[in-house]
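One structure is given below, encoded as structure tokens.
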Amino acid sequence: MFCQVLKESQKCTRRKSLLKVRAMDFITSTAILPLLFGCVGIFSLFRLLQWMRMKTYLRNVVVVITGATSGLGKECAKVFYSAGSKLVLCGRNAEALEELTRELTTSRATKVQTHKPYTVTFDLTDPGAIVAAAAEILQCFGYVDILINNAGISYRGTIKDTTVDVDKRVMETNYFGPVALTKALLPSMIKRRRGHVVAISSIQGKISIPFRSAYAASKHATQAFFDCLRAEMEQYEIEVTVISPGYIHTNLSLNATTADGSRYGATDKTTAQGRNPAEVAQDVLAAVGRKEKDVILADLLPSLAIYLRTLAPGLFFSLMASRARKERKSKNS
Ligand SMILES: NC(=O)c1ccc[n+]([C@@H]2O[C@H](COP(=O)([O-])OP(=O)(O)OC[C@H]3O[C@@H](n4cnc5c(N)ncnc54)[C@H](OP(=O)(O)O)[C@@H]3O)[C@@H](O)[C@H]2O)c1
């Protein structure tokens, strides 16, 4: 009798678990898929709205780009022009700026209304020229919405062989120049309670690698200055974005200065294997359009190195020392 009751109860439990499995099957087949599609739909809608907001933010706004004659700056000019921004292109070479203007205005029409860019020629290492240039920039459209501090110079050399004049020149181009230009344009942004300052820094603004001392120092200073600016400008609703790219395939290494101030004149393997500047410019456009505050545009390895520098500095320093040894050895061989 007892055995029969036990068997019955076991049968009942089995039936119940079978029912449970069937119920689960039903739920997964009927509820999970619609739920999944729902999530994808909401996410796509969110991205679409974000994209539309970004496009609206960039259309008809005055965007100043320094270092527009080459590399990333030139590509930024193309993507912001196509987005309908009113450009003020800056550089040292007036002819190259005019050539870019011609290229832009004769390029394939985009769906949005485009505007003929203005050009302003000045050298970022000349403080007097920067004040005059800021006045000229403001005269172009009457105001500035977005300032992209992109111009820069790189450096290759050992600290022991590098003259302080070279350190100063790199700092003037990459740090004091952009700081002076930003300060000259800020009052008009503050007055309008509207503006966005962008600094194109580098991964080397977050970690320092051997034989790049002046460059890494100038980019660390850039990161620090613009982080302070962001906090101080919040009260005026002025945005600050710092963008830190990894290697980009541009003329940066070719134009780099060496320990004695001469031109490096070679494209390093790392630069040659770097990202396409046109793609990086698209990422810059998206970061600015989304009003992001601090953006790293690099592969996994450099991004991990930033965390390593913070979490395991000892290990990071050993790796950099070993990199310096290797580079010295390859130069001597
Ligand atoms: N390429 C990379 O691997 C990489 C990686 C991370 C960050 N970045 C940063 O990206 C930015 C753009 O560099 P890029 O790679 O496009 O290099 P690039 O092709 O050499 O362009 C540099 C631009 O800066 C301008 N410039 C240099 N010195 C100047 C000065 N004293 N006054 C005014 N303009 C000056 C140059 O103008 P001229 O034509 O007159 O020389 C040129 O338009 C830089 O801030 C750089 O540090 C580059």
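Share of antiparallel DSSP beta bridges in the chain, in percent to the nearest 5?
5
So what's the chain giving for Cα Rg divided by 2.2 N^0.38 Å, two decimals?
1.35
Please compute the contact order of the chain in relative form: average sequence separation of alpha-carbon pairs under 8 Å and at least six residues apart, divided by the residue count, as a percent.
Contact order relative to length: 16 percent.
Among all the lysines, which ones have a C-alpha under 24 Å from residue 168's C-alpha, if same-chain residues fewer than 8 places away are not counted?
Result set, ordered by chain and number: 160, 183, 206, 219.
Given the options 315, 254, 285, which has the most mean-square fluctuation in a GNM of the chain, springs set between C-alpha atoms less than 10 angstrom apart?
Maximum among the listed residues: 315.
What order do you get for 226, 211 when you list them from fewest to most C-beta neighbours inside 10 Å?
If I rank by nearby Cβ atoms, fewest first, I get 211, 226.
Using a Gaussian network model of the chain with C-alpha springs under 10 Å, which one of 245, 187, 210 is most mobile by mean-square fluctuation?
It is 187.
At most 10 other C-beta atoms within 10 Å and a DSSP loop state: those are the exposed trypsin sites (Lys or Arg not before Pro) I care about. Give me the longest piece of the chain that has none.
194-333
Amide H to amide H, which residues 5 or more places from residue 296 or on other chains are under 5 Å from it, using H placed in the peptide plane?
244
Helix-only mean residue ellipticity at 222 nm, the chain, DSSP H runs n ≥ 4 weighted -39,500 (n - 2.57), per residue, nearest 500. What is it?
Estimated from H runs of four or more residues: -18500 deg cm²/dmol.
Just so you know, all these numbers are worked out from the coordinates, no wet-lab data involved. Note that the coordinates shown come from a computational prediction; the quantities given were computed from them, not determined experimentally. All Cβ positions, glycine included, derive from the backbone under ideal geometry; neighbour counts span all protein chains shown.
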